[in-house]
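Worksheet: the structure to be examined is printed underneath.
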Amino acid sequence: MSESNSNGYHARSENFTRIFNRGVREAQEHSRRMGVPNVYSILGHLYYEQPDGTLGLNDPWEGRDTPPPGWAEKLAEGAARRAESSGAGS
């Protein structure tokens, strides 16, 4: 592959990565708005996003068909705090 083709490939690859990452972030935010915890696999262990934004090993939905009481409110509060601390709210 020539150097110019290689540079074009990398530019397209970076663009796709940017688009995919944006889609993932939007899906995560949608899940949070719906009160559904995001789940991550890290080194073979499942971590569940807690209402305050931290990750934990305990599934807050285990044995439930609906979110635990207060989940959506706590999740919204945590998201607002994170947005405020990142400057996204200004």
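In region 36-51, how many are at pLDDT 90 or above and over 10 Å from the mean Cα position of the chain (by Cα)?
Within region 36-51, the first condition is being at pLDDT 90 or above, and the residues that meet it are 38-49.
Going one step further and asking which of them are over 10 Å from the mean Cα position of the chain (by Cα), we end up with 41-48.
So the count comes out to 8.
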Sort out which residues of region 48-76 are part of a loop (DSSP other than H, G, I, E, B) and surrounded by 14 or more Cβ atoms within 10 Å (Cβ to Cβ), and write them in order of number. GLN50, PRO51, GLY53, PRO60, TRP61, PRO67, PRO68
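Residues in region 15-30: is at least one assigned to a helix (DSSP H, G or I) and among the acidic types (Asp, Glu)? Working first, answer last.
Pass one, region 15-30, residues assigned to a helix (DSSP H, G or I): 15-30.
Add one more test, that the residue is among the acidic types (Asp, Glu), and what stays is 26, 29.
The answer is yes; a qualifying residue exists.
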With ARG64, ARG82, ARG18, ARG33 as the choices, which residue is at pLDDT 90 or above, out of contact with any Phe, Trp or Tyr (no Cβ under 7 Å at 6 or more places or on another chain) and not β-branched (Val, Ile, Thr)? ARG18
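The values are calculated or read from the model by the stated rules, or taken from the named source; none is laboratory data. These figures come from a predicted structure and were not determined experimentally. Here Cβ is always computed from backbone atoms with ideal geometry, including for glycine, and neighbour counts include all displayed protein chains.
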